Amino acid sequence: MNESEKRELDALQAALAAEHAAVYGYGVVGGRIGEERRSAARTAYDAHRARRDALAREVRDLGGKPVAAAAGYALPFTVPDSAAALRLAAELEDRVAGVYSDLVRAAEGDRRATAAGALREAAVRAVRWRGGSVAFPGLAERADSPSTPDAASGSASDPTSGSASGPASGSAAGAASGSVRGAASGPGQDTASAQAAPTA
């Protein structure tokens, strides 16, 4: 594997880790968001699951072993109600857009086009959740965040820690890593344990 292929594989692994975390995060969102937005949360959850599965196949195609989901993730803030769930959904999409921007830089050809499409979709969802927009999707969070913007960086369950090095390894990988146990099975799950997670 040459250096270019290694960078691309690292970026794919980081994107996969971010999608694992986004799937978990949307389980929390679905348990707290208002009924009127629950269908949108389900749609986003399904989209992230599909992206996750596609990324795992891409990693295998390049000869890698897909990074596994962590057992749980600490949230960047507590999510007691629908308003907080909307904030979390927007945060998840911002962070996913960040890792896809790294993949766009690292990939070529069809893989780059697919990553650009995923970045665009995440940016659009973030706008819808937040009711605003950013001038450069996937880059705005870079200006306000450290090189590892995960809210619990350094935690043992960080989905990018030890799993994806290279240009994408500093990217946000979802709702933050750490102490929340029990991966989400989908929006609307019992999220009591997630609400107990300390703010990282």
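The table below lists the values:
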item: Any hit, the stretch 93-105, residues being surrounded by 16 or more Cβ atoms within 10 Å (Cβ to Cβ) and more than 15 Å from the chain's Cα centre (by Cα); result: yes
item: Only listed residue being of a type in the set (V, I, T), in contact (Cβ under 8 Å) with a residue 12 or more places away in the chain, part of a helix (DSSP H, G or I) and within 19 Å of R128 (Cβ to Cβ), chosen from V79, V104, V96; result: V96
item: Residues that are among the charged types (D, E, K, R) and either over 19 Å from K65 (Cβ atoms) or surrounded by fewer than 17 Cβ atoms within 10 Å (Cβ to Cβ) (or both), drawn from the stretch 1-23; result: E3, E5, K6
item: Verdict on D46 being open to solvent by 30 Å² or more (accessible area, probe 1.4 Å), under 17 Å from W129 (Cβ atoms) and of a type in the set (D, E); result: yes
item: Every residue from the stretch 53-86 that is under 13 Å from E19 (Cα atoms), crowded, with 17+ Cβ neighbours inside 10 Å and touching a Pro at 6+ places or on another chain (Cβ under 9 Å); result: L55, A56, V67, A69, A70, Y73
item: Test result for Y26, surrounded by fewer than 24 Cβ atoms within 10 Å (Cβ to Cβ) and aromatic (F, W, Y); result: no
item: Residues satisfying the stated conditions in the stretch 115-130, i.e. open to solvent by 50 Å² or more (accessible area, probe 1.4 Å) and without any contact (Cβ under 8 Å) to a residue 40 or more places away in the chain; result: R120, V124, V127
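The values are calculated or read from the model by the stated rules, or taken from the named source; none is laboratory data. Just so it is clear, the structure is predicted and the values come from calculations on it, not from any experiment. Here the Cβ is made from the backbone with ideal geometry for all residues, glycine too, and neighbour counts use every protein chain on show. Accessible surface is based on the protein model in full, side chains and every heavy atom, while ligands, DNA and RNA are left aside. Shrake-Rupley method; radii C 1.70, N 1.55, O 1.52, S 1.80 Å.
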